[in-house]
1. Go through 196-205, 10-19 and give me the packing order, highest mean Cβ count within 10 Å leading.
2. Taking +1 at the Cβ of each Lys and Arg and -1 at the Cβ of each Asp and Glu, which of CYS109, ALA203, GLY174 sits farthest along the dipole of the range 90-231 towards its positive end, judged by Cα position relative to the Cα centre?
3. Determine the sum of side-chain charges near GLN216: Lys and Arg each +1, Asp and Glu each -1, restricted to other residues whose C-beta is under 12 angstrom from that of GLN216.
Amino acid sequence: MLENRNPLVSVVVITYNSSKYVMETLESVKAQTYENIELIISDDGSTDHTIEMCRVWLAQNNNRFPKTKLLTVEENTGIPANCNRGVRASTGEWVKLIAGDDVFFEDCCRNFVNYIQDKKIFILQTSLNLYKDNFEGHNSIGVWEPSKKINFFALSANKQYELLMYGVYVNAPGVFFKREIFQFITFDEEFRKIEDYPFWVLATKSGFKIFYTDLQSVKYRIHSGSVQQKSTAHMNSEQLKVKEAIKLKYYDSYRSSFPYYRNMLYNFLDRKGFNKDSPLSKLIYSLTFKISLLIIWYKANVTR
C-alpha cells in the first residue's frame, strides 16, 4: 500500500486565557505553505476573550482549512486534559500541538511532511527558535538543539527511557506525533500542569523511540518572568515534587537512584529556607548537576 504523500496534518492549538497572543498563532497556521491542515482549537475554560476571538477568526478563515473545530469546556481541567481533548477530536494522520502564544515558521508543515515520507516514526522532535516576549529579530535568544554530549535521539527507546529519569531531553513545542500513537498512550491527567515529561517517559517505556531532525518548526515564546524564574529557581520545591511524583509512578528503580537522593537534599534545603540564589545552593546544584551528567554519559555510552 502506497503511503499518502499529502497526509492530513491536525494542528491543535492549546489555549487558556490566550487572548493576547492567540491571533499570532492562528495567523501562522493560516500562513502555512502546506495546504492539507485540519485546525483544532482546544480551550481550557478561558475567562478572557480567547474563545470569542477564536470563534470570530474561524468564521472569517474557515475556507482555508478542510476541517476546523473549536472545543470549549466550562471549567479549567489542566494542560494534559486539554491536550487529550484536542487529540481525540483530530482526524489527521499526524498531530502537531502548539501553545496559543507560539507561532509556526511558514514552511513548518510542508518541510515536516517532506521529511517524514517512508520513515517509521511515531514521535519526531524538530528544532526551535527561542524568543523573549515577542518575535522581533532582536529578541531572538537562539536555536534550541539537542545536547551534543548526550546523543539522546540516537539511542533506543529503552535507553531513552532510562535517561529520562535523569533529565528532560525533548522540547515539546517542536514535536510532531503520528496520531496512531494515541491509541496506546495519552497525556497523563494526574499531573495538571505538565503534559510533556510524563508522555516521553510513558512513550519510551512502551517502546516508542523519539527521533530528531534539525528542521526548524516553531518560534517559541519565553516570557520575561519565566526567564528570570528559570535562572534563579535551582531548587524549586513545586517543580521537584511534581517531577519526583512522575518518576515514582513510572520508574520502579527510582527510590534507589541518585536523582532520588539528590531531590531529597534539594527538598531538605528548601524546607530550611535556603535562598535559591545563595552561594551554598548554587554550589550544591552545580556539584549534583555535574554528577548527574557523569552518570548520564556513562549510561548512554558505556552500559548496554
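Just so it is clear, none of the values below were taken in a lab; they were calculated from the coordinates. These numbers were taken from a predicted model, which means no experiment stands behind them. Positions of Cβ are backbone-derived with ideal geometry, glycine not excepted, and every protein chain shown enters the neighbour counts.
1. Ranking, from highest mean packing down: 10-19, 196-205.
2. Positive-end residue among those listed: ALA203.
3. In short, -3.
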